[in-house]
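The values are calculated or read from the model by the stated rules, or taken from the named source; none is laboratory data. Since the structure is predicted, the reported quantities are computational estimates derived from the model, not experimental observations. Using ideal geometry, Cβ is built from the backbone for each residue, glycine included, and neighbour counts are taken over all protein chains shown.
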Amino acid sequence: MAEDDAGPGGRREYRMEELARLAGITVRTLRFYRERKLIPPPRREGRIAWYDDHHLARLRTITALLERGHTLNGIAELAEAFDHGRDVGELLGVDTPTDEVPVRLTPEELADRFAGQVTPENLAAALDLGYLGIDGQEIVHISRRLLDVSSALVHEGIPLAEVLRAGREARAHADALADLFADLILRHAPEEALHRLRPLARSVVDAELSLALDRRLRKQD
């Protein structure tokens, strides 16, 4: 079937050789991924196996994850999560944050949020950061605030890949600040005070960031 032909339900379908070419891998690699259950089984029509755009997107995401240093065993766990509705965030070791509200979206809603920039590479980066999880047929973003801010930045013309890179850098700085305030509090207060004094630490960080942005803007004038 040609690339622009449609299978059942109007979906485009590909034979193995064509799918491998579009995904930028060899047929041998595709067979290996299928044997490792990294991609769902194809639709069978007699002796012919038909693959669709979901298989193509999965293969491109696998390539992106490999390029980011993930192992095939780790990718196999992620693939199982996609196929069986387990929480990808849990697999990545990311617990639900206490003050953040998760958001459920369909894949189409996620794509609409980011103006078509949900590429396999960006999806892999978001998985790597623990921003996204899977619950059945829905995608779960770990934080409504982060989702709204990221979407707003993309619609202001900033590429999603750059937003995700900035998020990774912000994560490193945030971890350092959390360690600083946790150490400060624990040196002078009992451990149970850490949760109670948490809002004070957040207020300091918010105020300092606001002042830092003011200083940065004055330099632009």
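For the range 120-159, a residue qualifies if it is more than 26 Å from Ala23 (Cα to Cα) and assigned to a helix (DSSP H, G or I), and the qualifying residues are Arg144, Arg145, Leu146, Leu147, Asp148, Val149, Ser150, Ser151, Ala152, Leu153, Val154, His155.
Given the criterion at pLDDT below 85 and in a helix (DSSP H, G or I), identify the matching residue among Glu169, Glu108, Glu162. Give the steps one after another, and end with the answer.
Values: Glu169 fails: at pLDDT below 85; Glu162 fails: at pLDDT below 85.
The match here is Glu108.
Considering the range 136-159, and only residues there that are touching a strand residue (DSSP E or B) at 6+ places or on another chain (Cβ under 7 Å) and not β-branched (Val, Ile, Thr), the residue that is surrounded by the fewest Cβ atoms within 10 Å (Cβ to Cβ) turns out to be Arg144.
Name the single residue, out of those in the range 44-67 being under 15 Å from the mean Cα position of the chain (by Cα) and of a type in the set (A, V, I, L, M, F, W, C), that is nearest to Gly130 (Cα to Cα). This residue is Leu65. Among the residues of the range 138-172, those that are farther than 14 Å from Arg68 by Cβ, in contact (Cβ under 8 Å) with a residue 40 or more places away in the chain and not β-branched (Val, Ile, Thr) comprise Ser143, Arg144, Arg145, Leu146, Leu147, His155, Pro159, Leu160, Arg171. Evaluated against (1) closer than 20 Å to Pro120 by Cα; (2) surrounded by fewer than 16 Cβ atoms within 10 Å (Cβ to Cβ), Arg43 falls short on exactly one condition, (1).
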